[in-house]
Amino acid sequence: MASQTGHDPEELALMADPRFQQAVCLFNAASWYPCHDGFEELWHESQGPCRRALQGILQIAVAHIHLERGNLRGATVLLGEGLGRLQAGGPVLFDLDIDQLRRSTALRLLALQQGEPVESLPLPRLIPTAAPIR
């Protein structure tokens, strides 16, 4: 059941967890491997409706590890899987702009699928929303 803020109890717990906040900061700093570690730990502990979204964010981070290592195929697959896991959700989750994350990820995925470079495209970010959109 959602709280008065519109958040699921699991979502509220994750947002309050310092590990989640640290993983978001690492994601936004493009520190993909440490970010991956943080989100993976939370994902393993998650059992509720947030699990799919956490996995999507995690897969986007891991895709960027593959990009750094020159594994374009692995990056393409994981960007697609991560984006797929985020498609069913609303525009905001964890008070983060998930629509923006989906758009930036989709642009990078399309470029990879078309054999174009992604370096000039903006990196995906987990941007806080000013107010939850429900």
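Quick notes
- Cα-based shape type of the chain, given that a ≥ b ≥ c are square roots of the gyration tensor eigenvalues and the cut on a/c is 1.5: prolate
- Tilt relative to the chain, helix 51-68 - C-alpha long axis, 0 to 90 degrees, to 10: 30 degrees
- Considering only alpha-carbon pairs that sit under 8 angstrom and 6 or more positions apart, the relative contact order computed for the chain is 21 percent.
- Folded to 0 to 90 degrees: helix 18-28 orientation relative to the chain principal axis, Cα: 30 degrees
- In the chain, the longest principal axis of the Cα atoms and the axis of helix 32-45 are about 40 degrees apart.
- Each of residue 51 and residue 129 was given a label point 7 Å from its Cα along the Cα-to-Cβ line. The distance between the two points is 2.4 nm.
- Taking the number of Cβ atoms within 10 Å of each Cβ as an exposure proxy, the fewest-first ranking of 118, 62 is 118, 62.
Read-outs throughout are calculated quantities, based only on the coordinates presented, and are distinct from any laboratory measurement. These numbers come from a predicted model, not from an experiment. Note: ideal-geometry Cβ built from the backbone for every residue, glycine included; neighbour counts use all protein chains shown.
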